[in-house]
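Once you've had a glance at the structure underneath, I'll fire off some questions.
None of the figures in this text is laboratory data; all of them are computed from the coordinates on show. Quick caveat, the model's predicted, so the values are computed rather than measured. Cβ: placed from backbone, ideal geometry, glycine included. Neighbour counts: every protein chain shown.
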Amino acid sequence: MSVAVCPECDAEVAVDVGTRVAEIIECGDCRVELEVIGMDPPVLSQAPEVEEDWGE
Ligand SMILES: [Zn+2]
């Protein structure tokens, strides 16, 4: 297991070794969704917010 830093709150976020780039993980501290943008070393970026679907 590796550890990356949350770009939102600077908390350390555990990243499983089996995690792949582009996977979304959640910061256990601030609960923000983070996209894995690199795994060697693990780097996280805040995931783009998904817009609400206002359709019926
Ligand atoms: Zn965080």
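List the residues, sorted by chain then number, that are 5 or more residues from V5 or on another chain and whose placed amide H is less than 5 Å from its amide H.
Those lying under 5 Å, H to H, from V5 are V13, L44.
Which net charge results for the neighbourhood of A11, defined as the other residues with beta-carbon distances under 12 angstrom from its beta-carbon, given Lys and Arg at +1 and Asp and Glu at -1?
-4
From zero outward in steps of 10 Å, how is the percent of C-alpha pairs of the chain spread across the bins?
Reading the bins upward from 0: 26, 51, 15, 7, 1.
Additional query: How much net charge surrounds E23 when only the other residues with a Cβ under 12 Å from the Cβ of E23 are counted, with Lys and Arg +1 and Asp and Glu -1?
Net charge in that neighbourhood comes out at -3.
Using the Karplus equation 6.51 cos²θ - 1.76 cosθ + 1.60 (θ = phi - 60°), what ³J(HN,Hα) coupling, rounded to whole Hz, does each residue of the stretch 27-33 give in order, writing x for Gly and Pro?
5, x, 8, 10, 6, 6, 7
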